[in-house]
Amino acid sequence: MKRRWALALLPAALLALASLSAAAAATPIGLTDFRMLVHFGLPQFSPDGKQIAFLTFRSDFVNDRYDGTLRVIAAAGGQPRTVVADIPDIDMPRWSPDGRTLAFIGKVGARESQIYTIPAVGGTPTELSDAPNGVQQYAWSPDGSTIAYVTPDDSPLSDKDRRTHHDLFAIHDDDYLVGKPPVPSHIWLLAAKTGKARQLTRGATSVLETAVPISGGISEPSWSADGHWIVYTRQADADDSDSDRTTIVAVSVPSGEERPLTSQLSYEDVPRFAPKGDRVAYLYPHGPGALSDVDLFVGSGNGGAVRDVSAGLDRNLSSSFAWLSDGSGVVVMADDHVGSKLYLQPLHGRGHPLNLGTLNPLGVTSSANGALAIVADSATQAPELYVLRTPQGAPERLTSFNSRFAEYAYPKSVEVQWHAADGQANDGILTYPDEYQPGKRYPLVVYTHGGPEAASTEDFDILEIGPLRDLFAARGFLVFEPNYRGSDNLGNAHEHAIYRDPGAGPDRDVISGITMLERKGIVDRSRIAAVGHSYGGYMTAWLISHQHFWRCAVVADGAVDWTQEYELSGAGNLAWTRDSLGGSPWDKQSAELYRTGSPMTYAGDITTPTLIVSGTDDPTVPITESFALYHALSRRGVPVKFIGIPGAHHMPQDPVHLELYFRAIDDWVAAQLGSR
């Protein structure tokens, strides 16, 4: 991107000369340049809508951590002010209903995470909660007198049990890394003035506390406008692989009486009361089955009929949505083609997209006076905080924490569309190499995203591909990111098309996309690489086991064996595999597909030099799958390198390991393809 110079008073000739100089001075962004990237948490409007609280996070490479800072900025614009600075573990800033206080979750020393409060004008934080097992989520009551928070129950094992090793425990639907008995989490009510707490929910069921399969998320308790009820996502038990067994439940604050909103027993999540009345919005699959778009449903906290209000939108909604202040509709977010959009979804009628220009929203909140706050980015714009004065307005940038990234040159990315051999419509991102010259053929990196219920979008630094799009382009490579069937950006039919077709159908999409690019005369077919993470790692392993033109491959945290995913994984993958393939490995109608749909079945056919990367503590895709793939290749003499990332889950959680992860992939592909 060209640097913007303040040259309005210069003659036209000097302007042209300055523009050329600026373009010449702009350099491609490098891996270590991303160290200065500032990340944002979800913004929060003050009750009067005049201020916005938000978190920023910077990488601390010396201490290998991310430091968070709580800030407040006027919604009308101006300089943000710091409220609490440089806390490694800070989350969920929330305004008190009177606007005088900010609360947040923080962790100090060896203490478990607790709720802290601080005057909104600044001061010294005060620890408010005293939950021995820590606080996971929380929410203020409408009158500000009470905070509902979620905390795990005590372990059934006593200190003596652990000390004397009388600590055996039963395992149910848990991941292979489980090391202690799972315990449910429950809602407690904390008096804001006295600090006294009482338990509201109890029993073997649990507040949802882990990742959900397919789509959705974890959310804090949501209060009704009159403060009499709280809705939350109730999981049938505490086992992490049962996070599909969820129901939206309303619990009476005075009595603790619970009542489900519907008769559904699975896949309901993210409930939120409207600002007025008793309406509750929540997420649930459109159907058929769970492997489909997630829609917005609205019902009553008192029970009764619920409606799929976003059925006509035909997009997979994210867990970030916000009620309008008058309760007449909801602003929802979804992937759309190679970006993401905000839609205003009325309670009756079809939703329509809001005008964000080239920006992709990363999260949205609403104010009492009708404004919206979003964090947004694009392929060439680092994330910043924006405000829309009304849903019909255009976004106005409030912050400039990442302004230095405007000084770099970025490659050109475009949307491409094509049809697979069986007629399936697809789209994806094509990024041209730096200094691209028409008529030349370039090496090609095919990067397949994970999920698969996700999409490749033109974001600045989206977690999976991160900086690799820019790094590969700087090396002179084309980068192709296909949104194969199963992706969530083209509607319900496109997403559901992967049901019981995990490999062959997406393979047709990717290969036909490569053929489409070759017809443009821009691809050096002798130098094509396959790279992917998670389900993208699955796709990479599938592609290199079924085609043999690949120069090299990278399988990162790759799910290559469906049976291992079913038996060993957590994070809801027990249900994900079952609902993707139509049953378990032991059901007659699906047992064979667990074998024929697994890349490991064909690993003996792989000849492509392959880099395998995996976190050692990954409960989502067990590292055992990477071991199996590694031995299948190394025993046969296929060039292979296996890198383990100590302590990493499904991606590295610390800045040093994350940078090393991307460097290892970049170096491997460059060495195999021969960058310029």
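The values are calculated or read from the model by the stated rules, or taken from the named source; none is laboratory data. In this text, all values refer to a predicted model and were calculated from it rather than measured experimentally. For neighbour counting, all protein chains shown are included, and Cβ atoms are generated from backbone atoms with ideal geometry for every residue, glycine included.
Quick rundown of the values:
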quantity: Output for the stretch 300-317, where each listed residue is closer than 12 Å to Tyr284 by Cα and not charged (D, E, K, R); calculated: Val306, Val309, Ser310, Ala311, Asn316, Leu317
quantity: Unique match (being within 28 Å of the chain's Cα centre (by Cα) and either at pLDDT 95 or above or under 30 Å from Asp153 (Cα atoms) (or both)) among Asp89, Asp98; calculated: Asp89
quantity: Of all residues in the stretch 305-326 being among the charged types (D, E, K, R) and in a loop (DSSP other than H, G, I, E, B), the one that is nearest to Gly370 (Cα to Cα); calculated: Asp326
quantity: Residue within the stretch 156-177 that is in a strand (DSSP E or B) and more than 27 Å from His649 (Cβ to Cβ) present; calculated: no
quantity: Of all residues in the stretch 359-372 being farther than 30 Å from Pro411 by Cα and small (Gly, Ala, Ser), the one that is surrounded by the fewest Cβ atoms within 10 Å (Cβ to Cβ); calculated: Ala368
quantity: Unique match (being in contact (Cβ under 8 Å) with a residue 60 or more places away in the chain and of a type in the set (Phe, Trp, Tyr)) among Tyr535, Tyr594; calculated: Tyr535
quantity: Flag if Thr596 is within 19 Å of Ala497 (Cα to Cα) and of a type outside the set (Lys, Arg); calculated: yes
quantity: Residue that is farthest from Asn492 (Cα to Cα) [pool: residues in the stretch 277-317 that are of a type in the set (Ser, Thr, Tyr) and at pLDDT 95 or above]; calculated: Tyr282
quantity: Only listed residue being touching a residue at least 60 places away in the same chain (Cβ under 8 Å) and either out of contact with any Lys or Arg (no Cβ under 6 Å at 6 or more places or on another chain) or surrounded by 21 or more Cβ atoms within 10 Å (Cβ to Cβ) (or both), chosen from Gly227, Gly256; calculated: Gly227
quantity: Counted residues, the stretch 604-623 - those being in contact with a His (Cβ under 9 Å, 6 or more places away or on another chain) and farther than 14 Å from Gln547 by Cβ; calculated: 7
quantity: Subset of the stretch 63-112 that is of a type in the set (Phe, Trp, Tyr) and over 17 Å from Ser367 (Cβ atoms) - its residue that is surrounded by the fewest Cβ atoms within 10 Å (Cβ to Cβ); calculated: Tyr66
quantity: Check on Ser526, in the same structural domain as Arg441 (by TED's automatic domain parsing), farther than 26 Å from Ala425 by Cα and among the hydroxyl-bearing types (Ser, Thr, Tyr); calculated: yes
quantity: Test for Ala529: is it over 29 Å from Leu362 (Cα atoms), at pLDDT 95 or above, buried (at least 24 other Cβ atoms within 10 Å of the Cβ) and not basic (Lys, Arg); calculated: yes
quantity: The stretch 327-351, subset assigned to a strand (DSSP E or B) and touching a helix residue (DSSP H, G or I) at 6+ places or on another chain (Cβ under 9 Å), residue nearest to Arg307 (Cα to Cα); calculated: Gln345
quantity: Failed criterion for Asp143 (all others in (1) surrounded by fewer than 17 Cβ atoms within 10 Å (Cβ to Cβ); (2) without any contact (Cβ under 8 Å) to a residue 40 or more places away in the chain; (3) of a type in the set (D, E, K, R) hold); calculated: (2)
quantity: Pairs, first among the acidic types (Asp, Glu) in the stretch 301-321, second part of a loop (DSSP other than H, G, I, E, B), C-beta under 8 Å, six or more apart; calculated: Asp308/His286; Asp314/Asp293; Asp314/Gly491
quantity: Selection status of Val298, more than 16 Å from Ala236 (Cβ to Cβ) and in contact with a Gly (Cβ under 6 Å, 6 or more places away or on another chain); calculated: no
quantity: In the stretch 177-194, residue nearest to Pro622 (Cα to Cα) [restricted to those that are small (Gly, Ala, Ser) and buried (at least 18 other Cβ atoms within 10 Å of the Cβ)]; calculated: Ser185
quantity: Residue pairs meeting the criteria (Cβ under 8 Å; at least 6 apart or on separate chains; first under 19 Å from Asp154 (Cα atoms), in the stretch 103-123; second in a strand (DSSP E or B) and hydroxyl-bearing (Ser, Thr, Tyr)); calculated: Ile115/Tyr138; Ile115/Tyr149
quantity: Only one of Ile187, Ile214, Ile218 that is within 29 Å of Asp295 (Cβ to Cβ), part of a strand (DSSP E or B) and among the hydrophobic types (A, V, I, L, M, F, W, C); calculated: Ile187
quantity: Complete set of residues in the stretch 93-102 that are on the phi < 0 side of the Ramachandran plot and either outside any loop (DSSP other than H, G, I, E, B) or touching a residue at least 40 places away in the same chain (Cβ under 8 Å) (or both); calculated: Pro93, Arg94, Trp95, Ser96, Pro97, Asp98, Thr101, Leu102
quantity: Residue that is surrounded by the most Cβ atoms within 10 Å (Cβ to Cβ) [pool: residues in the stretch 156-176 that are in contact with a helix residue (DSSP H, G or I) (Cβ under 9 Å, 6 or more places away or on another chain) and touching a residue at least 12 places away in the same chain (Cβ under 8 Å)]; calculated: Asp174
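Yes/no per residue for (1) surrounded by 20 or more Cβ atoms within 10 Å (Cβ to Cβ); (2) touching a residue at least 40 places away in the same chain (Cβ under 8 Å):
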{"position": "Tyr343", "(1), (2)": "yes, no"}
{"position": "His348", "(1), (2)": "no, no"}
{"position": "Gly357", "(1), (2)": "no, no"}
{"position": "Ile374", "(1), (2)": "yes, yes"}
